[in-house]
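The values are calculated or read from the model by the stated rules, or taken from the named source; none is laboratory data. Source: prediction; values computed, not measured. When we count neighbours, we look across all protein chains shown, and the Cβ atoms used for this are built from the backbone with ideal geometry, even at glycine. Surface accessibility is based on the protein's heavy atoms, side chains included, excluding ligands, DNA and RNA. Shrake-Rupley method; radii C 1.70, N 1.55, O 1.52, S 1.80 Å.
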Amino acid sequence: MTIEVFLTPGEFFRFTMFDTFRRKKMWQSPVIFASILTVCAMVCFYLHHIDGAVMLGTVLMVVGLGLAVFYFVSFFLSLFLQIRKQGLPRAVYTLTLTNTKEFHIANATEQIDYPWKQVYHAYRGKTATYLYATPARAFILPHYFVEGGAEELWKLISKKLPADKLTVL
């Protein structure tokens, strides 16, 4: 099975959201930080009869919520800049899945074969399958480019990978 991946901005956005916030759980740090400072601010507001407590509570609240908002806004801005920088939509790479012990990836500048036994994980989403060759390198396989559909792709991947490396989202 050969899949020529034509990546759209929407598919790249969905993948990045999954990878960053669901798989890596990078939302936790700013939310925990904001929560801690907000709780401290609430304690300061409760102790309003002490001089400077309301001011300290206000500073804690602004810093805690402000940094969390800044984190998410800068993330989304950099994501949209990355989409524009990559010139999406465009053809990105071609993935060839065969019944051998490896799969082949090729783009305009490089080609590589990855052994199935070294694949980190595969995730099946609604619109695409994400095949992680390593924890840091994933291949997005949009279902609308797969011959035989998403079911055929998932069957092939399921034959090559153990169940603990497969996740249906």
- Among the residues of the range 136-153, which ones are over 13 Å from Ala122 (Cβ atoms), touching a residue at least 12 places away in the same chain (Cβ under 8 Å) and open to solvent by 10 Å² or more (accessible area, probe 1.4 Å)? His143, Tyr144, Phe145, Val146, Glu147, Gly148, Glu152
- Note on the structure: In the set Leu65, Leu81, the lone residue that is farther than 25 Å from Ala122 by Cβ, in a helix (DSSP H, G or I) and touching a Ser or Thr at 6+ places or on another chain (Cβ under 8 Å) is Leu65
- Looking at Glu4, Glu11, which is the one that is acidic (Asp, Glu) and in a helix (DSSP H, G or I)? Glu11
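Quick grid of which residues meet (1) farther than 28 Å from Met26 by Cβ; (2) surrounded by 14 or more Cβ atoms within 10 Å (Cβ to Cβ); (3) in contact (Cβ under 8 Å) with a residue 24 or more places away in the chain:
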residue	(1), (2), (3)
Leu60	no, yes, no
Phe70	no, no, no
His104	yes, yes, no
Tyr123	no, yes, yes
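Residue-wise test of (1) in a strand (DSSP E or B); (2) modelled with pLDDT of 90 or more; (3) hydroxyl-bearing (Ser, Thr, Tyr).
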{"position": "Thr94", "(1), (2), (3)": "yes, yes, yes"}
{"position": "Thr100", "(1), (2), (3)": "no, no, yes"}
{"position": "Ala122", "(1), (2), (3)": "yes, yes, no"}
{"position": "Tyr130", "(1), (2), (3)": "yes, yes, yes"}
{"position": "Glu147", "(1), (2), (3)": "no, no, no"}
{"position": "Ala150", "(1), (2), (3)": "no, no, no"}
{"position": "Leu153", "(1), (2), (3)": "no, no, no"}
{"position": "Ser158", "(1), (2), (3)": "no, yes, yes"}
- Task: Could you tell me whether any residue of the range 48-57 is in contact (Cβ under 8 Å) with a residue 12 or more places away in the chain and surrounded by 12 or more Cβ atoms within 10 Å (Cβ to Cβ)?
- Result: yes
- Task: State all residues of the range 22-58 that are of a type outside the set (A, V, I, L, M) and assigned to a loop (DSSP other than H, G, I, E, B); if no residue qualifies, say none.
- Result: Lys24, Lys25, Trp27, His48, His49, Asp51, Gly52
- Note on the structure: In the set Met42, Met26, the lone residue that is aliphatic (A, V, I, L, M), open to solvent by 70 Å² or more (accessible area, probe 1.4 Å) and within 30 Å of Tyr120 (Cβ to Cβ) is Met26
